[in-house]
Amino acid sequence: MKLDKSVIAITGGARGLGFAMARRLGRQGATLALMDLDTDALDKAVSTLHAEGIEAGAFRLNVANETSVKQAFGDVAASLGPVAGLVNNAGILRDALLVKAKEGKVEKTMSLEQWQSVIDVNLTGVFLCGREAASQMVEANQGGVIVNISSISRAGNMGQSNYAAAKAAVVALTTTWAKELARYGIRVGAVAPGFIETDMTASMREDMLEKLAAGVPLKRLGNPDHIAQSVAFIFENDYFTGRVIECDGGLRL
Ligand code: NAD
């Protein structure tokens, strides 16, 4: 897909990996619709992009709320035009073990709220935003690209029943949509990041970070632009659909 002047929506685009994607796609000429729950972070992100000469608009939404998603995608179409690309990137963590016990006594379990909130944002949010974006693409009749952000955790990870289930399901959505939407010239791919340096890792102790990196075959964490590069590849490669790029330094080998 030609990125120049294409309208690309990025959920959770106000910070972290989403912002790195916005910057990379923006430098390649795309017009960005940054979509996020956090209004202050959105305003800051859009001002930073504008200062770099990148065209971008801020759209507040809660990806887990159908009315909010419909409204926000309608606003994007009205102000920038129909979306030609979407990155389903917004995500949250609410980690807890399924069952935590001490001396044979259950002390804690993952709550239904912890389960549901992650499923709502990381899975239902992908469905709702994907549906709106695909509808706009089909009606515009110009094809399009949807990229879903999964995770290394989709293989299963301690304390992440909710997150791993959602991130595995996102891959199932990716293959299903790739099959359903190919007839409209819409390609769908996914990126599964490994351990990436973010605000969260910046606050971790040096020895903890070293331990984390030691478990990666490449012996280092990735940076947000590694993930942005994988996303840009999916946008640009016209014969790529239905697959997952695992950008994780070999962590899952
Ligand atoms: P982050 O927490 O830095 O940013 C997430 C953004 O999503 C925030 O701006 C937040 O406001 C927004 N958001 C949260 N809930 C929302 C909602 N309901 N509606 C709209 N926006 C919402 O996260 P990140 O580290 O940049 O991660 C981005 C994506 O990459 C997530 O899907 C995450 O699961 C995935 N991922 C990250 C890593 C990593 O190492 N950082 C690894 C694997 C996968």
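Annotations
- Helix 66-80 and the longest principal axis of the C-alpha atoms of the chain enclose an angle of approximately 40°.
- C-alpha center-to-center spacing [the range 87-122, the range 20-58] in angstrom: 31 Å
- Lys/Arg +1, Asp/Glu -1 at C-beta; the chain dipole; positive extreme among Ala140, Val46, Ala78: Ala140
- Of all lysines in the structure, those lying under 21 Å Cα to Cα from Lys219, and not within fewer than 8 positions of it along the same chain, are Lys211.
- Within the range 80-147: Cβ-based charge dipole about Cα centre, in debye rounded to nearest 20 (Lys, Arg +1; Asp, Glu -1): 280 debye
- Computed extension length for Asp38-Glu236: 68.4 nm, one decimal, from 0.36 nm per residue of separation with the Cα-Cα distance subtracted.
- Cα-centred dipole magnitude for the chain, charges only on beta-carbon of K, R (+1) and D, E (-1), debye, nearest 20: 600 debye
- For the pair Ala140 and Lys100, a Förster radius of 51 Å applied to the C-beta separation gives a FRET efficiency near 0.55, rounded to the nearest 0.05.
- For the chain, alpha-carbon Rg and Dmax in angstrom: 18.2, 62
- P(r) for the range 114-159, from all Cα pairs and a bin width of 10 Å, is 22, 42, 24, 11, 1 %, short bins first.
- Within the straight-line cut-off of under 29 Å between alpha carbons, the lysines reachable from Lys179 are Lys2, Lys5, Lys70, Lys167, sequence neighbours fewer than 8 places apart in one chain being disregarded.
- Whole-number D in µm² s⁻¹ for the range 95-185, Kirkwood Cα-pair radius fed into Stokes-Einstein, 37 °C, 0.692 mPa s: 221 µm²/s
Every read-out reported here was derived from the displayed coordinates using simple, explicitly stated rules and does not represent laboratory data. From a predicted model like this one, the values you see are computed outputs, not experimental measurements. All Cβ positions, even for glycine, are placed from backbone atoms using ideal geometry, and neighbour counts span all protein chains on display.
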